[in-house]
Amino acid sequence: MLCLENIRLVHNPGTPTEVTALDGLDLHIPAGQFVTVVGSNGAGKSSLVNVVSGVHRPRSGRVIIDGRDVTRLPDHARAAWISRVFDNPLAGTAPELSLADNLALAMARGGRRRLRPALTRQRRELMRAQLATLGLGLENRLTDPVALFSAGQRQSVTMLMAGLTQPKLLLLDEHLAALDPRTRARVLELTVRMHDRLGCASLMITHSMRQAIDVGDRLLVMARGRVVFDAAGPDKTNLTPSDLVDIIAGLGDAPTDRQLLAG
Amino acid sequence: MHYLLTDTLIAGLPLLPVVMGIYLVIRIRQDFDLTVDGSLTLGGAVAAVSLNHGLPVPVAIIAAIAAGMLAGLVTTTLHLAFRVPVILAGLVMSIGMRTLNLRVLGRPSTSLDAGAGLFGGLSGLAPTAHDWIVIAILAAFALVFLAGVSLLLLTEVGLALRATGVNVGMARAQGVDDRRSLALCLALANAGAGLSGALIVQSQGFADSSTGTGTLLAGIGAVLLGELVARPGSASRVGRVALSVLAGTVLYRAILVGALRAGLEATDLDGITALILVAAVAVNRYLPTLNKILPRPRSRAAPGARSSPPVRSTASRRPEPVAEEVG
Ligand SMILES: Nc1ncnc2c1ncn2[C@@H]1O[C@H](COP(=O)(O)OP(=O)(O)OP(=O)(O)O)[C@@H](O)[C@H]1O
Ligand SMILES: [Mg+2]
């Protein structure tokens, strides 16, 4: 499904602040697989997500989605295959637009946007039905600007938007980081449900070792722009958070306080 | 009193298309495009020259709209090709188009041939009947444009445009090409300016190489006044946006016409425009306080966007009054 070949990504090349964020990274994710990714700050996790989504173009290497080389496509041209949820709950929605407008924008993702009404009665019905599955009462607030919603509500809406089309790949970059524990559990459950329903591949970045082990089919540890540890099946389920912390510490990267606490 | 009304409408209605265009740029896209100054003059010049060459009125008006639209697309191209800010690309265009417009007109000012244009056949009528027929025709054009743009904003294409102005990162993640949205926005804004120019020239009976000077500022004044009156708030309330543009334009013109009636000179009008801008900005600034007294709160972007420059709040990007001499 997703194939990354020898990806090199360099920020600010040729300047004193040059950073190699991805250093010859290879990764293959088959269709339907749920992959969790951990690693220290600056390991290159977000860079990986940004190269896959097309926000950053790698200096060398290829990005292949569904057999198609998309390395040169900008992010908006990859939206048909990829749904993204950001770490910042404010980033995934347009605050001044109504909830209905935000959802309508996502419903047309990847297709050709036409000169037909963005909001129709049918679409509103569909939106209400979808929103009702969140259990937050948002189905009655279609005309409210999303700016009025809490972070958890907005992140839930962003998750919902990600599943309104049929993406091949779901990219989740610490999408639970800004949420309180209860909301986090709820949005995580929503994530897993959505992955199962869509049957897409998912890539979830997290700083919680527990989550990384408990959720998904495969676990990656990243350090210095590469994948340094890759486990699936029983190898993954038998891991403990302290094993992971040891792996990260053993690489010379200091685990963050958050990782230690989350363990 | 009666003349105040007819003068206001005859001077104000032709401006509606360009003010709607300016609203799109400054409020929907959160940008500034000075090209409209040049496009309005260009639209007027193209219409006048076409009419004086004996072309039919619809052709002249369509040519004026197309000329404005083209200017908007050139500005878009300058912005995208050379990565200069839209405001700078528009500034360059507005200066360059002064020369272009003189070339199109052939001289600084040209009268329409007798009987030419939309209102050419009305010359035999009594003044009052004449004025109201002119108003009806101008209103038809202006309102059709306003309605057309509003309907467009409600389509999938228009929704994409509205989203790029609010959160461009999110819009791109949803598959919106924001370069295309910008091109659409500037093309529409300048097409509106072209139409306004054509309407102004035909209602005045002459085209001038400085017809469009100060249009952007006047448009900002009208937009701010309209927001004070109609308070559209969210870009999701498209009908209210159109209403606010309508109210703002008419009110802005009424103030200028009123000032003239009160005995001020035509040369004082730029000062009045500056005062309107300052007053509107000042009132907008204290609107949060006013909102506690008045019903219907404006919606604002949630504060505290963590690390996402794309998430912008309109409140923080109110245009500052520009103390520059216009005209
Ligand atoms: N836009 C940028 N400009 C310059 N350097 C960058 C940029 N984005 C990331 N980097 C650098 O690239 C490296 C990898 O960063 P990246 O954001 O991928 O790390 P991460 O694994 O997501 O970290 P975190 O856990 O803190 O989110 C870091 O050294 C970072 O400083
Ligand atoms: Mg990151």
Counted residues in region A:165-187 being crowded, with 21+ Cβ neighbours inside 10 Å and not charged (D, E, K, R) come to 8
For region A:198-211, pairs from a residue that is more than 14 Å from chain B (Cβ to nearest Cβ) and closer than 17 Å to A:PRO30 by Cα to a residue that is assigned to a strand (DSSP E or B) and within 12 Å of ligand 1 (Cβ to nearest atom), with Cβ under 9 Å and 6 or more apart or across chains, are A:LEU203/A:VAL37; A:LEU203/A:ASP173; A:LEU203/A:LEU220; A:MET204/A:VAL37; A:MET204/A:ASP173
A:ALA91 being crowded, with 23+ Cβ neighbours inside 10 Å, under 17 Å from B:ALA163 (Cβ atoms), within 16 Å of ligand 1 (Cβ to nearest atom) and under 16 Å from the mean Cα position of the chain (by Cα) = yes
Taking region A:24-57 and keeping only residues that are within 16 Å of ligand 2 (Cβ to nearest atom) and within 14 Å of chain B (Cβ to nearest Cβ), one is left with A:ASN41, A:SER46, A:VAL49, A:ASN50, A:VAL52, A:SER53, A:VAL55, A:HIS56
Might you let me know whether region A:115-137 holds any residue that is more than 18 Å from B:SER234 (Cβ to Cβ), within 7 Å of chain B (Cβ to nearest Cβ) and assigned to a loop (DSSP other than H, G, I, E, B)?
yes
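For (1) crowded, with 24+ Cβ neighbours inside 10 Å; (2) more than 13 Å from the chain's Cα centre (by Cα); (3) free of Cβ contacts under 8 Å to residues at least 60 places away in the same chain, each residue gets a yes or a no:
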position	(1), (2), (3)
B:ARG172	yes, yes, yes
B:ARG179	no, yes, no
B:LEU186	yes, no, no
B:ALA191	yes, no, no
B:GLY194	yes, no, no
B:GLN202	yes, yes, no
B:GLY205	no, yes, no
B:GLY212	yes, no, no
Note: among A:ALA21, A:ALA94, A:ALA106, A:ALA100, just one is touching a Leu at 6+ places or on another chain (Cβ under 8 Å), within 16 Å of ligand 2 (Cβ to nearest atom) and not polar (S, T, N, Q), namely A:ALA21
Would a scan of region A:58-65 turn up a residue that is buried (at least 16 other Cβ atoms within 10 Å of the Cβ) and within 15 Å of ligand 2 (Cβ to nearest atom)?
-> no
B:ILE22: passes all of (1) within 13 Å of the chain's Cα centre (by Cα); (2) modelled with pLDDT under 95 but (2)
Boolean, A:ARG59 is charged (D, E, K, R), within 16 Å of ligand 1 (Cβ to nearest atom) and more than 15 Å from the chain's Cα centre (by Cα)
yes
Subset of region A:1-57, residues exposed (fewer than 15 other Cβ atoms within 10 Å of the Cβ), at positive phi and in contact (Cβ under 8 Å) with a residue 60 or more places away in the chain, comes to A:GLY24
Of the residues in region B:164-179, those that are part of a helix (DSSP H, G or I) and farther than 17 Å from B:PHE32 by Cα number 5
Of the listed residues (B:ALA235, B:ALA222, B:ALA207), the one being in contact with a helix residue (DSSP H, G or I) (Cβ under 8 Å, 6 or more places away or on another chain), closer than 30 Å to A:LEU148 by Cα and not in a helix (DSSP H, G or I) is B:ALA235
The condition from (1) facing chain B (nearest Cβ under 7 Å); (2) part of a loop (DSSP other than H, G, I, E, B); (3) of a type in the set (A, V, I, L, M) that A:ALA106 misses is numbered (2)
Being farther than 25 Å from B:GLY12 by Cα, of a type outside the set (D, E, K, R) and without any contact (Cβ under 8 Å) to a residue 24 or more places away in the chain narrows B:ALA160, B:ALA114, B:ALA140 down to just B:ALA160
Residue pairs within 6 Å by beta carbon, gap of at least six or interchain, first lying in region A:66-78 and within 13 Å of chain B (Cβ to nearest Cβ), second in a helix (DSSP H, G or I), listed first then second, are A:ASP75/A:SER53; A:ASP75/B:ARG172; A:HIS76/B:ARG172
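The values are calculated or read from the model by the stated rules, or taken from the named source; none is laboratory data. All values reported here derive from a predicted model rather than from experimental measurement. So basically every Cβ, Gly included, is an ideal-geometry build from the backbone, and we count neighbours across all protein chains shown.
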